[in-house]
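Participant: Got a structure for you, written out below as structure tokens; questions coming shortly.
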Amino acid sequence: MDYSKVASLPSAFFDKADEMGERPFLWAKTNGAYQPWSWDKVRHQVMALASALSHLGLKKGERVLLVSENRPEWFIADFAVMACGGITVPAYITNTSEDHEYILKDSGAGIAIVSTETLAKPLVKAAVRTNGCRLVIAMEPFEVPQADAPEELHQWDTLLQEHQQASSFPQTTLEQLRRDDTACFIYTSGTGGAPKGVMLSHGNILANCVGAYDLLSEFGLGRERFLSFLPLSHSYEHTVGQIFAMTIGAEIYYAEAVESLLTNISECQPTIMTAVPRLYEMLYQRINRRVEKEGRLRKYLFRQAERLGRKKYHNGEKLPLWDRPLDLLAERTVRRSIRDRFGGHLKGMVSGGAALNTDLGLFFHALGLPILQGYGQTEASPVVSVNRPHRIKMDTVGPPLKGVEVRTAEDGEILVRGELIMQGYWNRPDETQETIREGWLHTGDIGAIDDDGYIRITDRKKDIIVLSGGDNISPSRIETLLNLQPEIAQSMVYGDKRPHLVALVVPDTEWLKSRQNDPEEAGQEAMAQAVREAVNRVNQGLSVVEKVRRFTITTTPFTVDNDMLTPTMKIRRHVILEQYGKSLESLY
């Protein structure tokens, strides 16, 4: 696809659908097995829904809230809205009724599309309270009391049936769409406060697709398969896992849940995977637990595969002659087995959304599953840079994508320029002007650029801890090191304007129970001792000012449901501090 000649995202889809025809496109589970939706089927449903939306009065520039888990209908709704000139406003399925009410009011969405009855309940309550959302479209039937019903409730299947001839399809509107028209509002996940609506144009997202194509063509693009499991309401999955995948004619499989991720991977055999670091941390823990249960020989071979793989990385992928026989054995046994567990066809895994621990990246690289760490922000549509497949620098986030300019300000802040930069924050002109100055996006991230143009990110400006002695410390780096310990599931480091660091730790209770003969023995005292040993191990590799001097334990995990995690598994520091601030302060 010649991205420079594409006027809009829907026109890109229709052109690709004409080319692909009856070939499989979207895959979803039906009766326990993946079944394909062809390009033609998806195109016909996009046209039917766009016709229905046009008939229902959707005008160019009007916002449509979309609340759904990842599924084929998500894609259809998104592209039908855009084909009408509308603006998709994705919402997280974990949102409360209050969250939906905030986004409905802030965006001014007059239409909402929702998938299941469970997700409809909080949405409908919010829609009724706002009075601005005039109609709701339900992908699956649900019932609500008359008093709680929206003005209009339409059934997805009925609308598609009524408009299958696409008599109201907004062809003129589609033809008039241009790259600088707004395609979607992506609401930031709110790690530091109220979410903001990031306005992304068709051109913003297409610019990201140009860079992604240039990067992944180094793998040799063929019949690609993507596994979609990050929320499509997040810009990372929306751009890379859906829109870019569509532009290259890839097949998209929708995962069932994080718990069944490894099963889904083996079923769909993806060629490219995109994920956030927290997922790789979880996979790391699972792999190591499995290895600990293996016999002595298999455990030995696994550790040798890891050791030699790391050695190859540091030696430019070369080994001395005496290491090669053992490495070949490890390749044919350990690495092949692990690659098979990941479907056997993975060309590479891309990590974004937060900083990836270097040692964690090396672990997977050594086992034959290279991770390309990247960097981006919703405000950049979202990808700014990614490591190149044939020159990975694990301690960096790679060079800028094609068409992207990056430089650092005097204070080390990363600045970005290019067509990928957002149009602005919806209804927040002052914050937009503060964030985009003279065409440069001020990211709020601190870093440096090496002689090869590779970017190193040290931390968020607002997340940096400044100790009372003036030392600047990156809490996320220390938290990742803590989370990689088998005894620790999650952590948050604290200490701004204090003399030293302390931490809140969530122990890995499953690991602790597995180490006890009697699970009941995994009580408070044993838990505290295990965590203390893990913290001490981490401290040995830290500088004096980075060491965690004391900690407090909570057995309540940070989750999306309790609002301590964003849907992409980043911790919400301000929410955690509201509950545990006094406990952390008592450690001083």
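Participant: Taking only C-alpha pairs under 8 Å that are 6+ residues apart, what is the relative contact order of the chain in percent?
Facilitator: 11 percent
Participant: Per-residue counts of other Cβ atoms within 10 Å, averaged by peptide: what ranking do you get for 264-276, 226-238, highest first?
Facilitator: Per-residue mean Cβ counts within 10 Å order the peptides as 226-238, 264-276.
Participant: Tell me, what is the percent relative contact order of the stretch 465-585, built from C-alpha pairs under 8 Å that lie six or more residues apart?
Facilitator: Relative contact order comes out at 23 percent.
Participant: Still on this structure, I have one more. Which value in nm describes the separation of the simple spin-label points at SER167 and LEU319, placed 7 Å from the Cα toward the beta carbon?
Facilitator: Placing both labels 7 Å beyond Cα along the Cβ direction yields 6.9 nm.
Participant: In addition: Return an integer: the convex hull volume of the alpha-carbon atoms of the chain, in Å³ per residue.
Facilitator: So the per-residue hull volume is 172 Å³.
Participant: Determine, for each peptide in 377-383, 425-431, 501-507, the mean count of other beta carbons within 10 angstrom over its residues, then list the peptides with the highest first.
Facilitator: Ranked by mean Cβ neighbours within 10 Å, highest first: 377-383, 501-507, 425-431.
Participant: Relative contact order of the stretch 296-391, please, whole-number percent, based on alpha carbon pairs below 8 angstrom and at least 6 residues apart.
Facilitator: 27 percent
Participant: Place a point 7 Å from the Cα of LEU297 along the Cα-to-Cβ direction; which residues of the stretch 315-333 have their backbone N under 16 Å from it?
Facilitator: 326, 329-333
Participant: Right, another one. Taking every DSSP beta bridge that has both residues in the stretch 465-585, what percent is antiparallel when rounded to the nearest 5?
Facilitator: 65 percent
Participant: Would you mind getting the Kirkwood hydrodynamic radius of the stretch 3-187 from its Cα pairs, rounded to one decimal in Å?
Facilitator: Here the Kirkwood hydrodynamic radius works out to 16.7 Å.
Participant: Sticking with this one: Would you please put 72-78, 492-498, 478-484 in order of how densely packed they are, using the mean number of other Cβ atoms within 10 angstrom per residue and starting with the highest?
Facilitator: Highest-to-lowest ranking by the protection proxy: 72-78, 478-484, 492-498.
Participant: Short version: ³J(HN,Hα) in whole Hz for each residue of the stretch 403-411, in order, from phi by Karplus 6.51 cos²θ - 1.76 cosθ + 1.60 (θ = phi - 60°), x for Gly and Pro, what are they?
Facilitator: These are the phi-based 3J(HN,Hα) values: x, 10, 9, 9, 8, 10, 7, 4, 8 Hz.
Participant: Here's a follow-up. Cα centroid distance between the stretch 401-470 and the stretch 174-253, in Å?
Facilitator: Centre-to-centre distance over Cα atoms comes out at 20 Å.
Participant: Let me ask another. Tell me the mean residue ellipticity at 222 nm calculated for the chain from its helices only (DSSP H runs of n ≥ 4, each -39500 (n - 2.57), averaged over every residue, nearest 500).
Facilitator: Calculated mean residue ellipticity at 222 nm is -11000 deg cm²/dmol.
Participant: Select from the chain the helices, each a whole stretch of DSSP H, whose alpha-carbon atoms run 18 Å or more along the helix axis and whose Kyte-Doolittle mean is at least -1.0; answer none if there are none.
Facilitator: 39-55, 117-130, 202-216, 524-540
Participant: Would you kindly compute the Cα radius of gyration of the stretch 465-585 and its largest Cα-Cα separation (Dmax), both in Å?
Facilitator: Every Cα atom of the stretch 465-585 included, Rg and Dmax give 14.4, 47 Å.
Bear in mind that the values in this text are calculations on the coordinates, not laboratory data. Because the structure is predicted, anything quoted here is derived from the model rather than measured. In this analysis, Cβ positions are derived from the backbone assuming ideal geometry, glycine residues included, and neighbour counts consider all displayed protein chains.
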